[in-house]
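A quick write-up on the structure given underneath.
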Amino acid sequence: MTIFARIPMAPVTLESPALDRLMPLHLRLDEQGVIRWVAPTLAKLLPEAGVLGHPVSQVLALRRPAAPTEMADLRARIGARLHVALLNDPDLVLRGHALPTTDGGLVINLSFGIWVNEAVRRYGLTVADFAATDLTVEMLYLVEAKSAVMAELRSLNLRLHGAKVAAEQQALTDTLTGLRNRRALELRLAELAGQGRPFGLMHLDLDFFKQINDTLGHAAGDHVLRQVAQILTEETRATDLAARVGGDEFVLVFPGQTEAAQLELIAARIIDRLCEPMCFEDQACRIAGSIGMVLSAAYSGPDFEAMHADADQALYASKRAGRGRATMYRAGLPPETG
């Protein structure tokens, strides 16, 4: 049983300016199928050279089913739903229908349907390019609102990621000096072990630091520690690691370092700079540094406990020898005596 019968289409008598406002995606054909008028929104989708005076078959192609865009085919489909592609953009399929005009031609009104977002993106369309009664306007508002929400979510995710990175960095950083902390040192050593990469390790202990705290106060001591951190940063590479692991104790890791002589040169530069006076409120703070060193290549595997113990033993050998010097660990060094 037929519920809806096709209603006969009366010829359109509205003038083009009125049609432009009601149907901004329409075009008008004369009785020969030549394009005589293109509405402003549709004109944005067509070639810049224009299509006025050209047969409609050179501009549009019927889809579902595909057929030549001739007047006879269009007249046969008056009042029926059309699926039309622009020949200059065949991937963009528009929906529409054809109406007869009083002069024997046709008006073809089109819409984007589900392709509206793509059309807006490709051609930079705005709300002004659609009829005021077109539900597409509401869709555009929704798309705009969704885009704003998505942009805010992306911004929020970036901020959260930045906060996470900052928190992770803070968790691995000594708050007083800005150097790495013990946790960061452990992670770096584990990373080097996993890579099977050799490294040199120094254990640095400041000499005469306690006297600074006792005579000038902890503010002076903190100042000296920050100065030491700056020296260690300047005397190491970006790929090296300098960590504060105690009150006045530091560990330095040098990835790829396998030469004892090179490690000794670095240690000598650090000690020379630590011996230079550090001024705090017009007071000269004098310290020195004792260093113990090991090379991971001297061990059969990543035995960090043994390396730390040996570096400590070499460090105290430096202190027993008069302080302000560096010692490379070797078998036979006397153990730490306290």
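The values are calculated or read from the model by the stated rules, or taken from the named source; none is laboratory data. Bear in mind that the values here come from a model prediction, so they are computed numbers and not experimental data. Neighbour counts run over all protein chains shown; Cβ positions are idealised from the backbone, glycine included. Calculation scope for accessible area: heavy atoms of the full protein, side chains included, ligands and nucleic acids excluded. Shrake-Rupley method; radii C 1.70, N 1.55, O 1.52, S 1.80 Å.
Between GLU186 and ASP282, the C-beta separation translates, for a Förster distance of 30 Å, into a calculated FRET efficiency of about 0.15. Across segment 182-328, the mean sequence separation of Cα contacts (distance under 8 Å, 6 or more residues apart), normalised by length, yields a relative contact order of 31 percent. The calculated FRET efficiency for ARG21 paired with ALA76, based on their beta-carbon distance and R0 = 25 Å, is about 0.30. Site pair ARG330 and LYS146 shows an inter-label distance of 7.5 nm when each label is modelled 7 Å from Cα along Cα→Cβ.
The calculated pair-distance distribution of segment 16-139 uses every alpha carbon pair, bins of 10 angstrom beginning at 0, and gives 13, 49, 33, 4 percent. For the chain, the percent of C-alpha pairs falling in each 20 Å distance bin, counted from 0 to the bin holding the largest distance, reads 23, 25, 10, 20, 19, 2.
Express as a percent, rounded to the nearest 5, the fraction of DSSP beta bridges in the chain (both residues included) that run antiparallel. Display every interim value, and only then the final one.
Details: 47 of 52 bridges.
Taking every DSSP beta bridge within the chain, about 90 percent pair in antiparallel fashion.
Where the eigenvalues come from the Cα gyration tensor of segment 150-211, what are the semi-axes √(5λ) of the equivalent ellipsoid, largest first, in whole Å?
Working from the Cα gyration tensor, I get semi-axes of 34, 20, 6 Å.
If you take the alpha carbon radius of gyration of segment 105-221 and divide it by 2.2 N^0.38 Å, what ratio comes out, to two decimals? Before the final figure, lay out each step's value.
Numbers: Rg = 30.9 Å, N = 117, 2.2 N^0.38 = 13.4 Å.
Scaled against compact globular proteins, the figure is 2.30.
In terms of overall dimensions, segment 186-338 has a Cα radius of gyration and Dmax of 15.5, 51 angstrom. Along segment 291-303 the Karplus relation, 6.51 cos²θ - 1.76 cosθ + 1.60 evaluated at θ = phi - 60°, assigns HN-Hα couplings of 10, x, 10, 9, 10, 5, 5, 7, 10, 6, x, x, 8 Hz to successive residues, with x for each Gly and Pro. Averaged per residue, the chain has 55 square angstrom of accessible surface, using a 1.4 angstrom probe with ligands and nucleic acids left out.
On the chain, 55 percent of the accessible area sits on carbon and sulfur atoms, based on a 1.4 Å probe. Farthest toward the positive end of the dipole of the chain, out of GLN230, TYR316, LEU158, is the Cα of LEU158, where the dipole comes from beta carbon charges about the Cα centre. Contact order for the chain, expressed relative to its length and based on alpha carbon pairs under 8 Å spaced 6+ residues apart, stands at 12 percent.
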